[in-house]
Amino acid sequence: MDVQAALEMEFADSEIRQTLWRGDDLHVIFSAVAAARHAPGEAPVRGFLQGVELVLQRCMPAATSTLFGRVRAGSLRVQGQSPQLRMSVPSRREMPLSLELEPAQSGVVVLQAQAIECHLQTGGVFRESLFC
């Protein structure tokens, strides 16, 4: 993969593998997320990322037992900005926010946090979609 390529994940059609509380921080670990790779001067390449982790820092406790499996839709609402359906990987935002996720098996889950970090875990990888 080109070192200059930027990666962008989508919340919709992702798959949550695990959620973990570490102190006041909630770690949301995805087995796969829909994604695009953007390289300078080239058309975006659609695919998926494996091993994405979101860390919601100083997260308000919520019923996270439903955060497992397929996510039908989702958006990130950062204070004073329009809802965002995508997020750069890696990235970090340090301001009050809410992450809204709609698991396939239940209603919308809203998580409030003071900051969010998105990164690839060790071994995380982008795979181009072969869907025609």
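The values are calculated or read from the model by the stated rules, or taken from the named source; none is laboratory data. Note that the coordinates shown come from a computational prediction; the quantities given were computed from them, not determined experimentally. Here the Cβ positions follow ideal geometry from the backbone for every residue, glycine too, while neighbour counts run over all protein chains shown.
What pairs come up if the first residue lies in region 100-119 and is assigned to a loop (DSSP other than H, G, I, E, B), the second is among the basic types (K, R), and their beta carbons are under 9 Å apart, counting only those six or more places apart or on different chains?
These pairs meet every condition: A104/R70; A104/R72; Q105/R70; Q114/R58.
Out of region 1-40, which residues are in contact with a His (Cβ under 9 Å, 6 or more places away or on another chain), assigned to a strand (DSSP E or B), aliphatic (A, V, I, L, M) and touching a residue at least 12 places away in the same chain (Cβ under 8 Å)?
Within region 1-40, A6, L7 qualify.
Considering only region 3-36, how many residues are within 10 Å of V55 (Cα to Cα), under 11 Å from the mean Cα position of the chain (by Cα) and crowded, with 19+ Cβ neighbours inside 10 Å?
1
Go through L111, L49 for me and flag whichever is at pLDDT 90 or above and closer than 14 Å to E15 by Cβ.
L49
Looking only at region 65-87, filter to residues that are among the hydroxyl-bearing types (S, T, Y) and surrounded by 13 or more Cβ atoms within 10 Å (Cβ to Cβ); which one of those is modelled with the lowest pLDDT?
Looking at the filtered set, the residue picked out is T66.
Of the residues that sit in region 52-64 and are over 15 Å from E117 (Cα atoms) and surrounded by fewer than 14 Cβ atoms within 10 Å (Cβ to Cβ), which one is modelled with the highest pLDDT?
For region 52-64, the residue satisfying everything is M60.
Residue-by-condition table, conditions (1) farther than 22 Å from G74 by Cα; (2) among the aliphatic types (A, V, I, L, M):
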position	(1), (2)
Q4	yes, no
E8	no, no
F11	no, no
R17	no, no
L20	no, yes
G23	yes, no
L26	no, yes
I29	no, yes
V45	no, yes
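Considering only residues that are assigned to a strand (DSSP E or B) and among the basic types (K, R), which ones fall in region 41-64?
Correct list: R46 only.
Quick check on my filter: what residues within region 88-108 are of a type in the set (S, T, N, Q), modelled with pLDDT of 90 or more and in contact with a Lys or Arg (Cβ under 9 Å, 6 or more places away or on another chain)?
Across region 88-108, the qualifying residue is only S98.
Could you tell me which numbered condition T122 fails, if it satisfies all but one of (1) of a type in the set (V, I, T); (2) under 18 Å from L49 (Cα atoms); (3) surrounded by 15 or more Cβ atoms within 10 Å (Cβ to Cβ); (4) out of contact with any His (no Cβ under 8 Å at 6 or more places or on another chain)?
(3)
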